[in-house]
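Below: one structure, written as structure tokens.
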Amino acid sequence: MTSSSQHIAFIGGGNMASAIIGGLIRQGIKPEQITVVEPFADTAAKLQQNFGITALPAAGPELAQAQLVVWAVKPQIFNEAAAPVMPHTRGALHLSVAAGIRTDSICRWVGTDRVVRCMPNTPALVGQGITGLFPCPSVTPADKALVEQVIGTTGQYLWVQQESHLDAVTALSGSGPAYVFYFLEAMTEAGVGMGLSPEQAYQLAVATFSGAASLAAASTESPEVLRQRVTSKGGTTYAAITAMEAAGIKASFVNAMQAAEQRARELGDEFGKA
């Protein structure tokens, strides 16, 4: 994507689009190589301020120069947003970050089978994201390489073999940051209840999550083994884990992610009918 002849169009200029755009610009893409369709004036102004990009209020012939179109719209408006874009972008590769919308619907709406569907997560905003990717059969190795270049600016990525697996990706990592923030809330609340200041408790909680995740990423051992190494029988960690097991927290957590996966499937059913 460093060639000056390459051009990317974004349909929608919100947080996820901004994360990708920021990554691309850090990798050497020039603002004039990016076109954004963003009808909301405040969001368009932020794109101009942060990246030097002038957003279009509506789709137009300018989109025809794009080799890649990134769909960063809410799933419920995808079909409506695609109608004015399709006449200009049938020859492009299309990358969708819209949750739940399946490739059969996307291909129908954008007028091509060169579609890659992906599920990123919000740590992409700081270059620490993880994105699941699924290609339609018409997507070429060169197309996949281009997608990897673009998504790689936001963090890690992985390809899944079945589109249905993206619902699991959504439940695990797409929604996953909220689970982490939920536990950070609980740990901070507990720390304050034990006499720490909110600032101290939050600093300790965030550093613990970050450090433990880094340790897990660097280790070849399973999380179960890593947990056991911290859990001496009769000790403080043992008391905490025993209390969580008694409360059924692990089972509840698994059930919660299954609910997220089910909702991802429902989104595809609900918004992919048109």
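The values are calculated or read from the model by the stated rules, or taken from the named source; none is laboratory data. From a predicted model like this one, the values you see are computed outputs, not experimental measurements. Reconstructed Cβ throughout: ideal geometry from the backbone, glycine too, with neighbour counts over all protein chains shown.
Scan region 47-65 and give yes if some residue there is under 20 Å from the mean Cα position of the chain (by Cα) and either crowded, with 21+ Cβ neighbours inside 10 Å or under 21 Å from ASN121 (Cα atoms) (or both), otherwise no.
Scanning region 47-65, I find at least one residue that is under 20 Å from the mean Cα position of the chain (by Cα) and either crowded, with 21+ Cβ neighbours inside 10 Å or under 21 Å from ASN121 (Cα atoms) (or both), so the answer is yes.
Kindly state which helices (runs of 4 or more DSSP H) lie completely within region 151-249 and contain at least 3 residues that are under 20 Å from the mean Cα position of the chain (by Cα).
Answer list for region 151-249: 165-169, 176-193, 198-218.
Has region 13-29 got any residue that is free of Cβ contacts under 8 Å to residues at least 24 places away in the same chain and either farther than 20 Å from ILE151 by Cβ or surrounded by fewer than 17 Cβ atoms within 10 Å (Cβ to Cβ) (or both)? Full working, then the answer.
Applying the first criterion (free of Cβ contacts under 8 Å to residues at least 24 places away in the same chain) to region 13-29 yields none.
Among the residues of region 13-29, not one is free of Cβ contacts under 8 Å to residues at least 24 places away in the same chain and either farther than 20 Å from ILE151 by Cβ or surrounded by fewer than 17 Cβ atoms within 10 Å (Cβ to Cβ) (or both), which makes the answer no.
Given the structure, is ALA45 small (Gly, Ala, Ser), in contact (Cβ under 8 Å) with a residue 60 or more places away in the chain and assigned by TED's automatic domain parsing to the domain that holds ALA55? Before you say what the answer is, go through the steps one by one.
Working: small (Gly, Ala, Ser): yes; in contact (Cβ under 8 Å) with a residue 60 or more places away in the chain: no; assigned by TED's automatic domain parsing to the domain that holds ALA55: yes.
Taking the combined requirement at face value, the residue does not satisfy it.
In region 95-117, which residues are closer than 30 Å to PHE181 by Cα and in contact (Cβ under 8 Å) with a residue 40 or more places away in the chain? Steps first, answer last, please.
Step one: of region 95-117, the residues closer than 30 Å to PHE181 by Cα are 95-102, 116-117.
Within region 95-117, LEU95, VAL97, ALA99, GLY100, ILE101, ARG102, ARG117 qualify.
Mind checking which residues of region 188-211 are of a type in the set (A, V, I, L, M, F, W, C) and touching a residue at least 12 places away in the same chain (Cβ under 8 Å)?
Within region 188-211, ALA201, LEU204, ALA205, VAL206, PHE209 qualify.
What about ALA190, is it within 30 Å of TRP159 (Cα to Cα) and at pLDDT 95 or above?
For ALA190, the condition - within 30 Å of TRP159 (Cα to Cα) and at pLDDT 95 or above - is not met.
Return the pairs, sorted by first residue and then second, in which the second residue is in a helix (DSSP H, G or I) and modelled with pLDDT of 95 or more, the first residue lies in region 169-185 and is over 19 Å from THR131 (Cα atoms) and assigned by TED's automatic domain parsing to the domain that holds PRO198, the beta carbons are less than 6 Å apart, and the residues are 6+ apart or on different chains.
LEU184/ALA205
Being modelled with pLDDT of 90 or more, in a helix (DSSP H, G or I) and within 22 Å of TYR182 (Cβ to Cβ) is true for just one of ALA260, ALA264. Which residue is that?
Just one listed residue meets the conditions, ALA260.
Checking the structure you have, find out if any residue of region 33-46 is within 23 Å of SER138 (Cβ to Cβ) and surrounded by fewer than 24 Cβ atoms within 10 Å (Cβ to Cβ).
Of all residues in region 33-46, those within 23 Å of SER138 (Cβ to Cβ) come to none.
The answer is no, given that none of the residues of region 33-46 is within 23 Å of SER138 (Cβ to Cβ) and surrounded by fewer than 24 Cβ atoms within 10 Å (Cβ to Cβ).
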